[in-house]
Amino acid sequence: MTDEATAFVPGHVTGFFSAHPDEDPLVAGSRGAGITLSHGVEVRIERDAGASDVTLNGEVLTVDAVDAVLDALGATDAAVTAETPLPLGAGFGVSGAMALGTAYAVNAAYDCRRTENALVAVAHRAEVEAGTGLGDVVAQARGGLPIRLEPGAPEHGRLDGVPASPRVEYLSFGSVSTEEVLSGDTRALTAAGERALADLRERPTPDRLVSLSRRFAREADLLTDHVADAIAAVRAAGGDAAMAMLGDTVFAFGGDLSAAGYDPEVCSVHAAGATLRAQGARDA
């Protein structure tokens, strides 16, 4: 047991997905594919802080999934401090990353003695019950370019991946309400996601992931005006781009956004999943 612990969780961009709700949050989840990012969330837990204040980039806020993780692991007196370069609510899985990072760090600071899969299950349940995501947590735990073959926490879900690690560019114009989309009629969205997943499994390449993600956004009627304009510009310049689910955010591989005249954020695929930091270690 230690006074504090820190975890790093990669950001996660979902390219396409199908929604699979269930009364059991450990069975509920999504199928689909996405990208884990070297830009992520660092979560520090301070034990016995007296109150479970949660801050993100210095701002105190309420994150229901984080509160649920603290309660599940018996750490309601912990302080949670998160830092990230990623915008909240813009399709980068920040809330899921905060929940998973909290689970990893609490496990170390409070000597909970849970396995990785057990911690992922705690965070996945919290995220599903909060209504802020269905598949980010399991993807962030895996890393790489994850393909979610079956929904749910590790005991129920099944994962694969695209074997590649391309340069990633992204540009965010704002947020989209995940809760609003997931609480509505998801039948058309799910049908489009299932088609995209079947097609990606036939040819699992980064280029195919982007093109199928672009098709999914159109078929699911989720494409925003800002992202549509950016995709059109990238394709006119000979590249390809797609929308991050669920956010007013465009992403591309290689230098396709830059080639179209944009000034995007640049990072890489995070090959490993969520990790516990050695004491005193931080990202360079």
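Here are some notes:
- Only one of Gly91, Gly15 that is crowded, with 22+ Cβ neighbours inside 10 Å, assigned to a loop (DSSP other than H, G, I, E, B), small (Gly, Ala, Ser) and in contact with a Ser or Thr (Cβ under 8 Å, 6 or more places away or on another chain): Gly91
- Among the candidates Val128, Val120, the residue that is under 15 Å from the mean Cα position of the chain (by Cα), over 16 Å from Arg31 (Cα atoms) and either surrounded by 18 or more Cβ atoms within 10 Å (Cβ to Cβ) or without any contact (Cβ under 8 Å) to a residue 24 or more places away in the chain (or both) is uniquely Val120.
- Filtered residues of the range 152-168 (kept if over 18 Å from Glu116 (Cα atoms) and in contact with a Lys or Arg (Cβ under 9 Å, 6 or more places away or on another chain)): Gly161, Val162
- Leu209 falls short on exactly one of the conditions (1) under 16 Å from Gly89 (Cα atoms); (2) part of a helix (DSSP H, G or I); (3) touching a residue at least 40 places away in the same chain (Cβ under 8 Å), and that condition is (1).
- Test: residue in the range 145-157 that is open to solvent by 30 Å² or more (accessible area, probe 1.4 Å) and not charged (D, E, K, R): yes
- Selection count where residues are assigned to a loop (DSSP other than H, G, I, E, B) and open to solvent by less than 60 Å² (accessible area, probe 1.4 Å), scope the range 253-263: 3
- Subset of the range 18-50 (residues that are assigned to a strand (DSSP E or B), touching a His at 6+ places or on another chain (Cβ under 7 Å) and over 17 Å from Gly144 (Cα atoms)): Gly29, Ser30
- Residue list for the range 51-70, restricted to those being touching a helix residue (DSSP H, G or I) at 6+ places or on another chain (Cβ under 7 Å), assigned to a loop (DSSP other than H, G, I, E, B) and either closer than 14 Å to Ser95 by Cβ or of a type in the set (D, E, K, R) (or both): Val63
- Failed criterion for Val137 (all others in (1) free of Cβ contacts under 8 Å to residues at least 60 places away in the same chain; (2) within 16 Å of the chain's Cα centre (by Cα); (3) under 27 Å from Thr224 (Cα atoms); (4) surrounded by fewer than 21 Cβ atoms within 10 Å (Cβ to Cβ) hold): (4)
- Restricting attention to the range 228-252 and to residues that are aliphatic (A, V, I, L, M) and within 23 Å of Gly131 (Cβ to Cβ), the residue that is surrounded by the fewest Cβ atoms within 10 Å (Cβ to Cβ) turns out to be Leu246.
- Scanning the range 59-95 for residues that are closer than 20 Å to Ala139 by Cβ and of a type in the set (Ser, Thr, Tyr) yields Thr84, Ser95.
- Residue tally, condition touching a helix residue (DSSP H, G or I) at 6+ places or on another chain (Cβ under 8 Å) and open to solvent by 60 Å² or more (accessible area, probe 1.4 Å), over the range 186-204: 2
- Against the test of being surrounded by 21 or more Cβ atoms within 10 Å (Cβ to Cβ) and in contact with an Asp or Glu (Cβ under 6 Å, 6 or more places away or on another chain), the options Ala7, Ala65 yield a single qualifying residue, Ala65.
- Among the residues making up the range 217-227, those that are assigned to a helix (DSSP H, G or I) and either of a type in the set (A, V, I, L, M, F, W, C) or loosely packed, with under 14 Cβ neighbours inside 10 Å (or both) are Ala217, Asp225, Val227.
- Flag for Val266 being under 20 Å from Ala90 (Cα atoms), surrounded by 23 or more Cβ atoms within 10 Å (Cβ to Cβ) and touching a residue at least 60 places away in the same chain (Cβ under 8 Å): no
The values are calculated or read from the model by the stated rules, or taken from the named source; none is laboratory data. The structure presented is a predicted model; accordingly, all values stated were derived computationally and were not measured. Reconstructed Cβ throughout: ideal geometry from the backbone, glycine too, with neighbour counts over all protein chains shown. Ligands, DNA and RNA are excluded from the accessible area calculation, which covers all protein heavy atoms including side chains. Shrake-Rupley method; radii C 1.70, N 1.55, O 1.52, S 1.80 Å.
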